[in-house]
Amino acid sequence: MPKPIKKAIFPVGGLGTRFLPATKSMPKEMLTVVDKPLIHYAFDQARAAGIEEFIFVTGRNKSAIEDYFDCAYELEETLKARDKKELLARATEWVPPAGSIVYTRQMEPLGLGHAVWCARHIIGDEPFAVLLADELFLSERPLLQEMAEIYAEKGGNVLGVADVAREHTSNYGIIDPESDNGKIIKIKGMVEKPHPSKAPSNISITGQYILQPEIFGHLDEAVKRGHGKAEIQLTNAIAAMLKTIPTHGVRFTGRRYDCGSRSGFLQANIAFALEVPEMRADALAMMRRFLSDNDDEAM
Ligand code: G1P
């Protein structure tokens, strides 16, 4: 039985330049989809998969994330004094107990592999999860929860993967499958952001990972080779482990929204609003109005 995963890394050091000017003074992970910041959705996924320790690899100007996962004394006292129980619960009931969140800074923008490497001493010698907050997933069960179950069976590394249109392979890490039963894919190769003509498949890495601590040895080497200049890809470090650590993909078949782009972010807001029962009718009516007001372009 593989060692259970209790720790997760959230790389949140990115500048979010695609959302300027908003991200000038606000972390991109705090952008809101309906009523929750993006980072909260990633945090929920981790919790659902049994994670108990949350490691944020942050950067400058990211203190709003720390405040978000802390007590908000004035707000809580005011809501208590006004007997606003429901609002109080919405603001506080998901906040993890003191001591379960650790923050460290990436210090240099050297890529995802480098961000994960920055958490090496906090992780130590145990398997862990990595969750990127850029993408949102809508499905019956959280993807990381399914991945944790398959990990309990297979061990090794387990990655969330999803099919994409071939012309989009250059936006993602792409895997080379050895076998594929529809849900679980044994991986024999992977490459970061290949041109469609060079991509080994159209199966992309979604940004959720369960990894063995041996990856830190590979990241150490990449950091040394990069001399603090080259970006360090997580995909390359996982690829370097494929011969020694069995690596499986778990195919996600729900809906996926790339909140790193403005139109993906807008789509996520609409899709998630439609999932809120008390918003659904209004949101649909609003969309019908927009469509009829812009009739000539909408078709
Ligand atoms: C990162 C990873 C890539 C993965 C993607 C998922 O890329 O490097 O392999 O497919 O996340 O969102 P990024 O989008 O940070 O450039």
I'm trying to understand the selection: among the residues of the range 243-253, which are touching an Asp or Glu at 6+ places or on another chain (Cβ under 9 Å) and within 15 Å of the ligand (Cβ to nearest atom)?
G249, V250, R251, F252
Condition first: among the small types (G, A, S) and either within 12 Å of the ligand (Cβ to nearest atom) or on the phi > 0 side of the Ramachandran plot (or both). Now tell me which residues in the range 92-133 satisfy that.
G99, G111, G113, A115, G124, A133
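For (1) within 16 Å of the ligand (Cβ to nearest atom); (2) loosely packed, with under 15 Cβ neighbours inside 10 Å; (3) modelled with pLDDT under 95, each residue gets a yes or a no:
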| position | (1), (2), (3) |
| --- | --- |
| I5 | no, no, no |
| P11 | yes, no, no |
| G14 | yes, no, yes |
| F19 | yes, no, yes |
| A22 | no, yes, yes |
| L38 | yes, no, no |
| A42 | yes, no, no |
List every residue pair whose Cβ atoms lie under 7 Å apart, where the two residues are 6 or more positions apart in sequence or sit on different chains, the first residue falls within the range 106-120 and is under 13 Å from A237 (Cα atoms), and the second residue, located anywhere, is β-branched (V, I, T) and assigned to a helix (DSSP H, G or I).
H114/V223; W117/V223
Of the residues that sit in the range 150-178 and are away from the ligand (no atom under 16 Å from the Cβ) and at negative phi, which one is farthest from the chain's Cα centre (by Cα)?
E178
Just checking, which of A115, A133, A129 is closer than 15 Å to Q212 by Cβ and crowded, with 23+ Cβ neighbours inside 10 Å?
A129
Matching strands (runs of 3 or more DSSP E) fully within the range 149-263 where at least 2 residues are charged (D, E, K, R) and free of Cβ contacts under 8 Å to residues at least 60 places away in the same chain:
173-180, 184-192
Select from the range 179-221 the residues that are basic (K, R) and within 14 Å of the ligand (Cβ to nearest atom) and list them in ascending order.
K193
Within the range 223-239, residues being over 16 Å from A162 (Cα atoms) and within 13 Å of the ligand (Cβ to nearest atom) number 8
More than 16 Å from the ligand (Cβ to nearest atom), surrounded by fewer than 17 Cβ atoms within 10 Å (Cβ to Cβ) and either under 29 Å from T32 (Cβ atoms) or touching a residue at least 24 places away in the same chain (Cβ under 8 Å) (or both), is that true of Q145?
yes
I'd like to know if the range 278-285 contains one or more residues that are within 16 Å of the ligand (Cβ to nearest atom) and surrounded by fewer than 17 Cβ atoms within 10 Å (Cβ to Cβ).
no
Restricting to the range 3-33, give me the number of residues that are touching a residue at least 60 places away in the same chain (Cβ under 8 Å), part of a loop (DSSP other than H, G, I, E, B) and over 15 Å from A133 (Cα atoms).
4
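The values are calculated or read from the model by the stated rules, or taken from the named source; none is laboratory data. What you are looking at is a predicted structure, and each value in this text was computed from that prediction instead of being measured. Note that we place each Cβ from the backbone using ideal geometry, even for glycine, and neighbour counts take in every protein chain shown.
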